[in-house]
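The values are calculated or read from the model by the stated rules, or taken from the named source; none is laboratory data. On a predicted model such as this, the values are computed, not experimentally measured, just so you know. As a convention, Cβ positions derive from the backbone with ideal geometry for all residues, glycine included, and neighbour counts pool all protein chains shown. These area figures cover heavy atoms from the full protein model, side chains too; ligands, DNA and RNA do not enter into them. Shrake-Rupley method; radii C 1.70, N 1.55, O 1.52, S 1.80 Å.
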Amino acid sequence: SQYEKGGTEAEAAAWVHALWELGDYCRELADLAAAQRTFENMQSVCRELSSRFDSRSIRRSLSASYGRLGDVSREKGKLSQAEEYYLKNLEMDRKAYEETGTRLSRRDLSISCGAIGTVCQEEGRLSEAKAYYLQACELMEQLYEEEEPPEAGGSLSVSYSRLGAVCLKEGNLTQAENWYQKAFERSRQSWEEIGSVRCKRDLASSCSFLG
């Protein structure tokens, strides 16, 4: 590849980003085989580049490739494989957060906690799912309190809804309602402050849970 022949770190990052976007596009088209090939290629490229550049961006992309491969595996119904990918994603994101403590690394860690929580939930491991979702909530709440970009509010609403779903499956209706109410309040606030399509979708979703 051109990067083996002396491409710059910026060129390498752009190349990885292009693969990332291509993989996401394949997922949107429901072409999971193509998405998997693309994310595997992205992962291979990141490993190669990480040996050449001491770059947090490349390491973050490598971690993200595990997360995306986990998403594809989960969409294929391969939950055990998805969990393996998500655990590696979580391990790398946790290390990045411990080393840097940046808001971006905190957001990444919150997302990876939520992802593995979904696998636990789908496998009926509700106590584990709740533990991961609570971690995701705590991290996202910190971002929101620090006035991270407004989309943190939407992500926090999703985290609350996930906890509501777990409590509902456990038969704890009171706790479920409390979490769904928090999701509704947060999504309504985001809708009032931002008014984006995503905020409208989150608000509609949280209303349906309380309906």
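Listing for the model above:
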item: When residues of segment 28-39 are limited to those that are of a type outside the set (S, T, N, Q) and farther than 7 Å from VAL72 by Cβ, the one nearest to the chain's Cα centre (by Cα); result: GLU28
item: Residue within segment 90-98 that is in contact (Cβ under 8 Å) with a residue 24 or more places away in the chain and open to solvent by 50 Å² or more (accessible area, probe 1.4 Å) present; result: no
item: Number of the condition not met by SER57 [criteria: (1) at pLDDT 95 or above; (2) more than 14 Å from ASP71 (Cα to Cα)]; result: (1)
item: Yes/no for ARG107 being basic (Lys, Arg) and touching a residue at least 24 places away in the same chain (Cβ under 8 Å); result: yes
item: Selection status of LEU163, part of a helix (DSSP H, G or I), at pLDDT 90 or above, more than 25 Å from THR102 (Cβ to Cβ) and within 22 Å of the chain's Cα centre (by Cα); result: yes
item: Residue match in segment 77-89 (condition: farther than 26 Å from GLY124 by Cβ and either open to solvent by 40 Å² or more (accessible area, probe 1.4 Å) or assigned to a helix (DSSP H, G or I) (or both)); result: no
item: Selection count where residues are part of a helix (DSSP H, G or I) and open to solvent by 10 Å² or more (accessible area, probe 1.4 Å), scope segment 30-60; result: 17
item: Selected residue (only one of TYR97, TYR66, TYR85 is of a type outside the set (Val, Ile, Thr) and touching an Asp or Glu at 6+ places or on another chain (Cβ under 8 Å)); result: TYR97
item: Number of positions in segment 166-195 that are charged (D, E, K, R), modelled with pLDDT under 90 and open to solvent by 70 Å² or more (accessible area, probe 1.4 Å); result: 4
item: Residue list for segment 61-76, restricted to those being surrounded by fewer than 16 Cβ atoms within 10 Å (Cβ to Cβ) and within 22 Å of SER110 (Cβ to Cβ); result: GLU75
item: Members of segment 110-134 that are in contact (Cβ under 8 Å) with a residue 24 or more places away in the chain and open to solvent by 60 Å² or more (accessible area, probe 1.4 Å); result: ILE111, GLU122, GLU123, LEU134
